[in-house]
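Note sheet for the following structure.
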Amino acid sequence: MKTNIITPGDLAPDFELEDIHGNQVRLSSFRGRQPVVLAFLRGFT
Amino acid sequence: MRDHYSEFTSRGVEIVAVGPDSMDAFRQYWAKESLPYIGLPDPDRSVSKLYKQEINLFKLGRMPLNSVLDINGHIRYIHYGANMTDIPDNETFLEVIDALNSPSS
């Protein structure tokens, strides 16, 4: 389970999701613009 | 992180939060908590899987996973939570960001 974890130095895998306002957000769109704190939540419930 | 959002934005950093809940649950939670940063529902867990976020085996939900990406999109810090509450404090993130933003880095 730990064999393929992401480590420092890796290029962050890109993805696109719809945000709560209905905008498509692509992670790579921040490249060249600003650093990102990327958090994966545990779930609200 | 909400109460410290300005400490991130003043450093030129955006916060992006991905979670397993539905769009409706996200919208309700973001409104209730007045969260200022980007919230991305990932109900089919495709992005969670891409990042190898671990499942909590005993409860429904996911183990927290937190990371800092530099301006080129490379991972500079990543922390796979060992339990549901294993989330780095804001100072940890800000130290990483300040190191990234320092001229010598």
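Data overview
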{"item": "Between 0 and 90°, nearest 10: helix B:23-33 axis offset from chain B longest Cα axis", "result": "60"}
{"item": "Expected 222 nm ellipticity per residue - DSSP helices of 4 or more, -39500 (n - 2.57), all of chain B, to 500", "result": "-8500 deg cm²/dmol"}
{"item": "Test item: B:86-99 mean partner chain Cβ contacts at 10 Å", "result": "1"}
{"item": "Of B:26, B:58, B:93, the one that fluctuates the most in a GNM where chain B has Cα springs shorter than 10 Å", "result": "B:58"}
{"item": "Selected from B:10, B:26, B:53, residue furthest toward positive end of dipole (the protein assembly as shown; charges at beta carbon)", "result": "B:53"}
{"item": "Net charge of Cβ neighbours under 9 Å - reference residue A:25; Lys, Arg +1; Asp, Glu -1", "result": "-2"}
{"item": "Peptide B:21-28 - average C-beta neighbours from other chains (10 Å radius)", "result": "3"}
{"item": "Residue among B:19, B:73, B:39 with the largest mean-square fluctuation in a Gaussian network model of chain B, springs linking Cα atoms under 10 Å", "result": "B:73"}
{"item": "Dipole magnitude of region B:1-91 about its Cα centre (Cβ charges: Lys, Arg +1; Asp, Glu -1), debye to nearest 20", "result": "240"}
{"item": "Surface/4 estimate of mean projected area, convex hull on alpha-carbon atoms of the protein assembly as shown, nm²", "result": "8.7"}
{"item": "Degrees between helix B:90-101 axis and first principal axis of chain B (Cα, 0 to 90, nearest 10)", "result": "50"}
{"item": "Nonlocal amide H pairs with residue B:15, under 5 Å, H built at 1.01 Å", "result": "A:37, B:38"}
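Coordinate-derived values only; no laboratory data. As the structure is a computational prediction, the values presented were derived from the model and not from experiment. When we count neighbours, we look across all protein chains shown, and the Cβ atoms used for this are built from the backbone with ideal geometry, even at glycine.
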